[in-house]
Amino acid sequence: MDPPVSAHQSIWSAVDDYLISALHASDPVLDHAIVSSQTAGLPEIQVSETLGKFLHLLARIHHASRILEIGTLGGYSTIWLARALPPDGKLITIELDPEHAKVAQANLESAGVSDRVDLRLGAALDILPQIESDGESAFDFIFIDADKPSNVAYLEWALKLSRSGSVIVLDNVVRDGAIIEAESIDEKVRSSRAALEWLGNHPQIESTAVQTVGAKGYDGVAIALVK
Ligand code: SAH
Ligand code: DHB
Ligand code: MG
């Protein structure tokens, strides 16, 4: 089943615009990160502005001082998360594509957060074992937003690099509602279902997911607490 082109998209976008005008300060630094990513031809799959600020607030509410992100793109979500850190906090973000990483590094510098952000270039499944063997201490907050087929492997790594009380957020788990299709042939749907089932069945994890609509369409995020 093809996802419908939603008749509701224009109102979702208009409501996002209203919420942003009512609740967010204008933010030329983040606007620049979007524009420079667009200009460089990056795919426009960064989190929406409201989800970016939601992640930022979640990290602040959790007093996260060590954040791990898998999937940097142009650094948009990275900037939101890095701004949640205390002055001595640290964020490691992993990106496979050198072009994306180059745009992200410039955006992080423009945003004044590059001192707190360690951008690692490479495949996450190569970098994550290095982070472990470097003896990095546990991450308080982990945002998983890269290639979907590796989501279960990323969750396993996230748990390994966590402590009791760590928060794990997994992006894109609703996919226009396609997530309910048990027999889907879409690899992103299959692997997102596998990731949700992994979360639901893991004895060390307490989790839920929220559906989201807005400027970026209909999708959702799972949130998990390590017990
Ligand atoms: N978190 C970003 C969006 C990330 S898009 C934001 O919201 O602003 C997903 C990113 O994951 C892309 O840049 C893609 O190149 C990267 N990616 C894909 N496969 C990867 C892998 N195996 N390891 C690390 N990054 C990967
Ligand atoms: C896709 C990936 C994302 O991380 C996202 O937020 C939206 C779309 C994608 O691969 O289609
Ligand atoms: Mg995403």
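In segment 182-221, which residues are part of a strand (DSSP E or B) and more than 13 Å from ligand 2 (Cβ to nearest atom)?
Residues satisfying the conditions are ILE205, GLU206, SER207, THR208, ALA209, VAL210, GLN211, VAL213.
Just one of (1) part of a helix (DSSP H, G or I); (2) within 16 Å of ligand 2 (Cβ to nearest atom); (3) small (Gly, Ala, Ser) trips up ALA106, so point out which.
(2)
Considering segment 157-181 alone, what residues qualify as being in a helix (DSSP H, G or I), in contact with a helix residue (DSSP H, G or I) (Cβ under 8 Å, 6 or more places away or on another chain) and surrounded by fewer than 16 Cβ atoms within 10 Å (Cβ to Cβ)?
LYS160 - this is the single residue of segment 157-181 that is in a helix (DSSP H, G or I), in contact with a helix residue (DSSP H, G or I) (Cβ under 8 Å, 6 or more places away or on another chain) and surrounded by fewer than 16 Cβ atoms within 10 Å (Cβ to Cβ).
Would you check which residues across segment 130-179 are of a type in the set (Val, Ile, Thr), away from ligand 3 (no atom under 15 Å from the Cβ) and over 16 Å from the mean Cα position of the chain (by Cα) and list them?
Hit for segment 130-179 is ILE131, nothing else.
Answer with yes or no whether LEU225 is free of Cβ contacts under 8 Å to residues at least 60 places away in the same chain and either of a type in the set (A, V, I, L, M, F, W, C) or within 13 Å of ligand 2 (Cβ to nearest atom) (or both).
For LEU225, the condition - free of Cβ contacts under 8 Å to residues at least 60 places away in the same chain and either of a type in the set (A, V, I, L, M, F, W, C) or within 13 Å of ligand 2 (Cβ to nearest atom) (or both) - is not met.
Counting only residues that are in contact with a Lys or Arg (Cβ under 9 Å, 6 or more places away or on another chain) and among the hydrophobic types (A, V, I, L, M, F, W, C), which one in segment 149-179 is nearest to SER6 (Cα to Cα)?
Among them, the one singled out is ALA178.
Read-outs throughout are calculated quantities, based only on the coordinates presented, and are distinct from any laboratory measurement. All values reported here derive from a predicted model rather than from experimental measurement. A quick note on method: Cβ atoms are made from the backbone with ideal geometry, for glycine too, and the neighbour counts reach across all protein chains shown.
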